[in-house]
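The values are calculated or read from the model by the stated rules, or taken from the named source; none is laboratory data. What you are looking at is a predicted structure, and each value in this text was computed from that prediction instead of being measured. All Cβ positions, even for glycine, are placed from backbone atoms using ideal geometry, and neighbour counts span all protein chains on display. The protein model used for the area step is the full one, side chains on, heavy atoms only, and it has no ligands, DNA or RNA in it. Shrake-Rupley method; radii C 1.70, N 1.55, O 1.52, S 1.80 Å.
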Amino acid sequence: MTLLQALVIAILQGATELFPVSSLGHAVLLPALLHWPFNESDETFLPFLVMLHLGTSVALFVFFWRDWAAIFSGLFGRHGNRYRLESLRILFLLVIATIPAIIVGGLFEHLLRHLFGSPLPVAGLLVVNGLMLLTVERLRSHLPTKAASINEAADRPIASLSAQDALVIGSFQCLALFPGISRSGATIAGGLLRGLHHDVAARFSFLMAEPVILAATAHQLFKMRHMTVTSEQIHIGLIAAVVSGITALICTAVLMRYFRNHDNWALAPFAIYCILMGIGSFAVLHGVH
């Protein structure tokens, strides 16, 4: 992998990890479409992916540091018992939402791994991702409004979620085990179906992302314990991680502002993009084969 290719993938990772368009799907499709001579399923690509995810994780922590500071300061009783209970509840909800992905990922990781280097199925799954986003927006617009009360309170706090809500949202996250299905898109979709507004659903999704990305990174680091990594790989990986993190920070800010200002069919542009990208990629790759 050249430095230019690494930078392109880093920018792609930083943007698509947060946008509901599947970072993994794009990481599989782009090299295939551009005929880059490396294989994402090769173990030598693993250290590079780990560095990119660390960059994204740091960016998310920086953007949401006030949320994490509020949670942990409340947890230690700095603002009274009421805030301590609310902080405990938010942490409890994040744990509940993370459990399904850990269980399902642990059980089916090896079964799904063959998809990671297969561009044609990924192109199809990108179309599925777009259809999922459109379907959820349509379902949401017809939800019997239990949401009347929610619509009167656009800033419904995360702490108002129930354990069942968190479990449903976390179950949606399992869909992202398929490359081409977006983690953020799936979890935001789950939040919308539980009556959240786009910005609140996105905030919960991105708070959920922190432990998930860190856990996945730790898992991959453990698998790399006997792997020899060259100084050149480390150098390229560090540069790419910084670029990925900066891109993710910018994209998170843009996306959160967008969701605050657009609560009707906000996922539709991303859905249309995924459908067109998936169909276009499939046509090009099928023609090549």
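Overview of values
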{"read-out": "Cut-off 16 Å (backbone N to label point 7 Å along Cα→Cβ of S118), residues of segment 261-284", "value": "282"}
{"read-out": "Sorted peptide list for 224-236, 7-19, criterion being average Cβ within 10 angstrom, highest first", "value": "7-19, 224-236"}
{"read-out": "Point-to-point label distance, R257-V229, nm (Cα→Cβ direction, 7 Å offset)", "value": "3.4 nm"}
{"read-out": "Residue-averaged [θ]222 nm for the chain, counting only DSSP H segments that reach four residues, each worth -39500 (n - 2.57)", "value": "-25500 deg cm²/dmol"}
{"read-out": "Additional length obtainable on full extension of the chain from L107 to T2, 0.36 nm per residue less Cα span", "value": "34.3 nm"}
{"read-out": "Bins of 10 Å, starting at 0 and running to the largest distance - Cα pair percent for the chain", "value": "7, 28, 36, 21, 7, 1, 0"}
{"read-out": "Surface share of carbon and sulfur [accessible, 1.4 angstrom probe, percent] for the chain", "value": "69 percent"}
{"read-out": "Per residue solvent-accessible surface (Å²) - the chain, probe of 1.4 Å", "value": "48 Å²"}
{"read-out": "Cα lying deepest toward the dipole's positive end in the chain, options I96, L4, G237, charges on Cβ", "value": "I96"}
{"read-out": "FRET efficiency, V242 to V95 (Cβ-Cβ, R0 30 Å, nearest 0.05)", "value": "0.50"}
